[in-house]
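First the structure, in the form of structure tokens, and then the observations on it.
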Amino acid sequence: MASPGKPSESVLSSGLTIEGKIEGNGNVRVAGRFKGNVNVKGEFTVESGASVHGEVRADSVLVGGEVRGQIVATSRVEFKETGTLIGDLKAGSLAVAAGSKMRGKVEFGWKEGEIEDAPPMEGGGLSATR
């Protein structure tokens, strides 16, 4: 049970593979493998060695493993040195550690609320290929 004032956290443990959809409030941490779309009000974390294949929408996203699909974060996306994204990214702010990898179009710097009104990435986003 979550402490008062502290958001709850759900964990997909390493060694587990799940296919489906994740929706809700609170923080979610993936240490295993997940295939499907994610839509959470809170922080979504992909641990080192974990993978997510699908669209990820959250307030903030921390990538330490691999994401294949679009990431949309109203607040922040942070890549750890082991983080990999193959897909497009839209975020309020972006932090990228040396050693991380991205292939796709990137948009960041939008204020909260503006991100969904941002023009589509078709030709308008920057390519972030390393």
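Restricting to segment 36-83, name every residue that is buried (at least 19 other Cβ atoms within 10 Å of the Cβ), of a type in the set (V, I, T) and out of contact with any helix residue (DSSP H, G or I) (no Cβ under 9 Å at 6 or more places or on another chain).
Hits for segment 36-83 are V38, V40, T45, V46, V52, V56, V61, V63, V67, I71, V77.
Condition check: basic (K, R) and either under 19 Å from V106 (Cβ atoms) or surrounded by fewer than 19 Cβ atoms within 10 Å (Cβ to Cβ) (or both). Does R33 satisfy that?
No.
Report, by residue number, each residue of segment 71-124 that is in a loop (DSSP other than H, G, I, E, B), under 20 Å from G54 (Cβ atoms) and at pLDDT below 60.
P120, M121, listed by residue number.
Does S48 qualify as being within 11 Å of the chain's Cα centre (by Cα) and either closer than 20 Å to G83 by Cβ or outside any strand (DSSP E or B) (or both)?
Here the answer is no, as S48 does not meet what is asked.
The values are calculated or read from the model by the stated rules, or taken from the named source; none is laboratory data. Owing to the predicted nature of the structure, the values given are computational and were not obtained by experimental measurement. Quick reminder, even Gly has a Cβ in these numbers, built from the backbone with ideal geometry, and neighbours come from all protein chains shown.
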